[in-house]
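One structure is given below, encoded as structure tokens.
The values are calculated or read from the model by the stated rules, or taken from the named source; none is laboratory data. Worth saying up front: this structure is predicted, and the values here are computed from it rather than measured. Virtual Cβ from ideal backbone geometry, glycine too; neighbours counted across all protein chains shown. Heads up: the accessible areas ignore ligands, DNA and RNA and are worked out on the full protein's heavy atoms, side chains in. Shrake-Rupley method; radii C 1.70, N 1.55, O 1.52, S 1.80 Å.
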Amino acid sequence: MNTTPEIDSDSFDIEDCEDIIGLAKHLVDGTRAGILTTINLDGKPEARWMSTLSFDGFPVFHSLTGPDSRKVTEIKHHPDVNWMFSNHDLSLVLNLIGKARIITDTVMLKRVWQHVEDKSHAYFLNQYSKGPGFVVIETVVEAIECTSAKNGFRFALNPSDLAHGHYPL
């Protein structure tokens, strides 16, 4: 009988990872859901899962949503947002903090639609019979925070650090 626990290949251990930035890019590759937090009209945080994402132009990235969703109104009034992503066992959490805006331009909607990897959770599309049935949330990342409670560390990155492969360790 083998009593050695099986290691989850999606677990994060700082000793085993030579490229934290590569792992961070893996977490925001457009195939994993993230949690978007906005500020509601009463100034309180609102969080929800989002999964129709495109990260082709990071640190600017896009998400699809219904045009009548509360988050659209919230972003129009308070553009500050926080996106949170994690690996499977939550040993690494990545927060992307920035400003969002709502895009309704048809050319941009088509472009983003083509770059979204996984549209299987775009449930809002079933609610509309005319028009594209969606808008784009464009987020410009201003700060990146990476945390691993398992490994006892937290650090912040500038978005340009991700693009250039630099990180503070």
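Here are some notes:
- Restricting region 48-70 to residues that are open to solvent by 70 Å² or more (accessible area, probe 1.4 Å) and closer than 29 Å to Ser160 by Cβ, the residue that is modelled with the lowest pLDDT: Asp56
- Residue satisfying all of: in region 35-47; open to solvent by 40 Å² or more (accessible area, probe 1.4 Å) and not in a strand (DSSP E or B); nearest to Trp113 (Cα to Cα) among these: Leu41
- Selection over region 75-101 of residues that are modelled with pLDDT of 95 or more, buried (at least 21 other Cβ atoms within 10 Å of the Cβ) and not in a strand (DSSP E or B) gives a count of 1.
Table: residues versus (1) over 17 Å from Phe55 (Cβ atoms); (2) at pLDDT 85 or above; (3) not acidic (Asp, Glu).
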| position | (1), (2), (3) |
| --- | --- |
| Ile103 | no, yes, yes |
| Met108 | no, yes, yes |
| Arg111 | no, yes, yes |
| Ala122 | no, no, yes |
| Asn126 | yes, no, yes |
| Pro132 | yes, no, yes |
| Glu138 | no, yes, no |
| Tyr167 | yes, no, yes |
